[in-house]
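This report concerns only the one structure given below.
The values are calculated or read from the model by the stated rules, or taken from the named source; none is laboratory data. Predicted model only: the values in this text are computed from it and were never measured. Cβ atoms come from the backbone with ideal geometry, glycine included; neighbour counts cover every protein chain shown.
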């Protein structure tokens, strides 16, 4: 099952190496991993998407991550109501005849065109991974030249109290 | 006032009350060695970096204080990797300073450069590379804090050469505060209540005790708890010494080469109270069967250990000593399990550790039993890894905290001699007995060179069975007796090796005169290599075959 782990860590050199090491050593496959600073510049947030076999495995992973000296807090976001977003840049081959068509195809995805040249355009999309997958499917027929995805980042929703 | 990195290094170590450093010099640490020349802190020059790190481990285990290691960059640093992994596995507090090439050369494949930071991430509790000289005092202070608190372990500090030469104004260092590292010492009171209830409802409770009690210095408290609760107790290899071997409630070591009584008790118990051990596979080769039909209490300072191997009914995160102290305030219905005490005691009388005596050849078990008798169970025993290690665990009558110095989790051959030397340096007035096999002896015997230099007088017991005994045993038991590369047809003359190190030595071949000769040898005030020519065919028994439940032991001899 797919799980999203959100880890707040001290912003030290090598912290990503440490965290990914914990996963590889225990034979977890990382689907995506993204890192960035938080509101506190000394703290980074690492969002990891992994596939695990069981809750037991997940619990072990969280414990091993929490054990790392640099780790402030680790949560399994997928266990709670959360938001997750990914950003993708997709370079698609275009001709003067199909450009309009592509623009109308991507519109429902709330994607935007951020670069245009004679033979191609670059489309930017942010959203859930499924949404990006769906757009990629739509664009395949036009010929995707290059694709860059950031991997997931996310936050827990505020609880209503 | 400005100070150089080297001066800050010495100041910081003095601040931490470091008594000695184990190490080996080289290019990248020349400035640091220059600062040691003034002898403010004694330095023990081992003959190999692996020796330095194992000696520091032996020192740490015998003294309860962190061991400090200093080696150079590249090969010097890679040579300590085994010892760091060993310390990680057995939660031994170490501070390992590795030299590094100058900052300008890092990442450029400079002479003697290795990525020690990257190499040691998975085998350290934490590691640092100092990037600015002004960070050095803080890093050292943090490193000692991390190594010696919570679940103890090794910390590496990588020191680029230029940093040690740079100068910086001296500043007062704040107390260590790492918000992301706050080990929990005090157990939750509700959990303690649950333990008391569980014990009072149990009819077949058993304690399983491990190194966590040594690390928390909780031996006295545990003995009191034993007195109060009268619950039979099983130890792991690293837990030996917490309870004196002759204590009525002590069933011996459990696990692969544990006692029949200990393993039966572990299996039959309805309540298992694990304090400070981690259900290692040598203890619990078949965790499912061990956990079956019983309540499991697990006390550990490392939350990640709880539930890792065996699902836990009552988890307690906390320091072993604190937990035991709280339990000592309680009273227990010790009569509830009086019958159980008799049952397990009977198992013990029924099948104690034993071996077949003969005058034809010396049985290694007997040699160790005699050493236990001659030293009255008082010696600090350092072992290497293999058959002799298990026989030491089975036949030496341990009775003190931190008395057994052995490589448990990693099973590092070559550990014994340097670790024993380190233990002797930590406790110069105690009798240290180093028990090694002929395999391990040939891995790190160079450290015997230190004995004369520092006037150390351990007895080195070389159990020579002309083979890599444990490998041979497994080949004989599980690989159709195909003794692949496990028998030494050619061996050095160990007597001459001892002589080369200016050590007295003796070779004992005769089972009939063994006791008398051992007594004589132990009367010597000097260090000595005592080579005992032992049976080359003996197996360590009884044994839980790998993957089998603890009550399916082979080689149990019942009286």
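Residues in the stretch B:122-170 that are facing another protein chain (nearest Cβ under 10 Å), assigned to a helix (DSSP H, G or I) and crowded, with 20+ Cβ neighbours inside 10 Å: B:142, B:146. Close contacts from the stretch B:348-360, counting a first residue that is farther than 14 Å from residue B:259 by Cβ and a second that is surrounded by fewer than 18 Cβ atoms within 10 Å (Cβ to Cβ), with Cβ to Cβ under 9 Å and a gap of 6+ residues or different chains, come to B:356/B:557; B:359/B:510; B:359/B:512. Where helices (runs of 4 or more DSSP H) sit wholly within the stretch B:386-505, those with at least 2 residues that are over 15 Å from the mean Cα position of the chain (by Cα) and more than 14 Å from residue B:527 (Cα to Cα) occupy B:387-395, B:438-444, B:469-478, B:494-500.
So that you can scan it fast, the table gives a plain yes or no per residue for (1) modelled with pLDDT of 95 or more; (2) closer than 30 Å to residue A:118 by Cα; (3) away from chain B (no Cβ under 14 Å); (4) in contact with a strand residue (DSSP E or B) (Cβ under 7 Å, 6 or more places away or on another chain):
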| residue | (1), (2), (3), (4) |
| --- | --- |
| A:6 | yes, no, yes, yes |
| A:15 | no, no, no, yes |
| A:31 | no, no, yes, yes |
| A:67 | yes, no, no, no |
| A:79 | no, no, yes, no |
| A:91 | yes, yes, yes, yes |
| A:95 | no, yes, yes, no |
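Against the numbered list (1) over 19 Å from the mean Cα position of the chain (by Cα); (2) under 22 Å from residue B:118 (Cα atoms); (3) within 13 Å of another protein chain (Cβ to nearest Cβ), residue A:60 comes up short only at (2).
Kindly check whether there is at least one residue in the stretch B:532-543 that is more than 24 Å from residue B:444 (Cβ to Cβ), touching a strand residue (DSSP E or B) at 6+ places or on another chain (Cβ under 6 Å), outside any helix (DSSP H, G or I) and not assigned by the TED database to the domain that holds residue B:369. Looking for residues that are more than 24 Å from residue B:444 (Cβ to Cβ), touching a strand residue (DSSP E or B) at 6+ places or on another chain (Cβ under 6 Å), outside any helix (DSSP H, G or I) and not assigned by the TED database to the domain that holds residue B:369, one finds at least one in the stretch B:532-543, hence yes.
When residue B:6 is tested against (1) touching a helix residue (DSSP H, G or I) at 6+ places or on another chain (Cβ under 6 Å); (2) assigned to a loop (DSSP other than H, G, I, E, B), just one condition goes unmet, and that condition is (2).
Filtering A:38, A:47 for residues that are more than 14 Å from chain B (Cβ to nearest Cβ) and under 19 Å from the mean Cα position of the chain (by Cα) leaves a single hit, A:47.
If only one of B:32, B:70 is in the same structural domain as residue B:160 (by the TED database) and not in a strand (DSSP E or B), which one is it?
Values: B:70 fails: not in a strand (DSSP E or B).
That would be B:32, the only listed residue that is in the same structural domain as residue B:160 (by the TED database) and not in a strand (DSSP E or B).
Residues of the stretch B:365-378 include none that is surrounded by 24 or more Cβ atoms within 10 Å (Cβ to Cβ) and within 14 Å of residue B:57 (Cα to Cα).
Out of the residues in the stretch B:36-51 that are free of Cβ contacts under 8 Å to residues at least 40 places away in the same chain and in contact with a strand residue (DSSP E or B) (Cβ under 8 Å, 6 or more places away or on another chain), state the one that is surrounded by the fewest Cβ atoms within 10 Å (Cβ to Cβ). The residue in question is B:42. Within the stretch B:22-42, does at least one residue satisfy the condition of being touching a helix residue (DSSP H, G or I) at 6+ places or on another chain (Cβ under 8 Å) and closer than 30 Å to residue B:242 by Cα? Checked against the condition, which is being touching a helix residue (DSSP H, G or I) at 6+ places or on another chain (Cβ under 8 Å) and closer than 30 Å to residue B:242 by Cα, the stretch B:22-42 yields at least one hit. Within the stretch B:171-180, the residues that satisfy the criterion of being in contact (Cβ under 8 Å) with a residue 12 or more places away in the chain and within 14 Å of another protein chain (Cβ to nearest Cβ) are B:176, B:178.
Within the stretch A:102-125, is even one residue under 15 Å from the mean Cα position of the chain (by Cα) and away from every other protein chain (no Cβ under 14 Å)?
yes
Return a yes/no flag: does the stretch B:296-305 have any residue that is under 23 Å from residue B:184 (Cα atoms), touching a strand residue (DSSP E or B) at 6+ places or on another chain (Cβ under 6 Å), within 14 Å of chain A (Cβ to nearest Cβ) and free of Cβ contacts under 8 Å to residues at least 24 places away in the same chain. Break it down into steps so the answer makes sense when it comes.
To start, the set of residues in the stretch B:296-305 that are under 23 Å from residue B:184 (Cα atoms) comprises B:296-305.
Keeping just the survivors that are touching a strand residue (DSSP E or B) at 6+ places or on another chain (Cβ under 6 Å) gives B:296-299, B:303.
Of the ones still in play, those that are also within 14 Å of chain A (Cβ to nearest Cβ) are B:298, B:303.
Those left that are additionally free of Cβ contacts under 8 Å to residues at least 24 places away in the same chain: none.
No, there is no match, as no residue in the stretch B:296-305 is under 23 Å from residue B:184 (Cα atoms), touching a strand residue (DSSP E or B) at 6+ places or on another chain (Cβ under 6 Å), within 14 Å of chain A (Cβ to nearest Cβ) and free of Cβ contacts under 8 Å to residues at least 24 places away in the same chain.
When only residues in the stretch A:49-108 that are touching a helix residue (DSSP H, G or I) at 6+ places or on another chain (Cβ under 7 Å) and over 30 Å from residue B:303 (Cβ atoms) count, which is surrounded by the fewest Cβ atoms within 10 Å (Cβ to Cβ)? Among those that are touching a helix residue (DSSP H, G or I) at 6+ places or on another chain (Cβ under 7 Å) and over 30 Å from residue B:303 (Cβ atoms), it is A:105.
Suppose the filter is within 30 Å of residue B:318 (Cβ to Cβ), within 14 Å of chain A (Cβ to nearest Cβ) and either without any contact (Cβ under 8 Å) to a residue 60 or more places away in the chain or more than 24 Å from the chain's Cα centre (by Cα) (or both); does residue B:188 pass it? Reasoning before the result, please.
Values: within 30 Å of residue B:318 (Cβ to Cβ): yes; within 14 Å of chain A (Cβ to nearest Cβ): no; either without any contact (Cβ under 8 Å) to a residue 60 or more places away in the chain or more than 24 Å from the chain's Cα centre (by Cα) (or both): yes.
The answer is no for residue B:188.
Residues of the stretch B:79-111 being part of a loop (DSSP other than H, G, I, E, B) and surrounded by 18 or more Cβ atoms within 10 Å (Cβ to Cβ), which ones? Give the steps one after another, and end with the answer.
Here is the first cut: in the stretch B:79-111, the residues part of a loop (DSSP other than H, G, I, E, B) are B:79-80, B:90-93, B:101-102, B:106-111.
Of everything in the stretch B:79-111, those that are part of a loop (DSSP other than H, G, I, E, B) and surrounded by 18 or more Cβ atoms within 10 Å (Cβ to Cβ) turn out to be B:79, B:80, B:90, B:91, B:92, B:93, B:101, B:106.
Hey, can you tell me all the residues within the stretch B:112-121 that are surrounded by fewer than 24 Cβ atoms within 10 Å (Cβ to Cβ) and within 14 Å of chain A (Cβ to nearest Cβ)?
B:115, B:117, B:118, B:119, B:121
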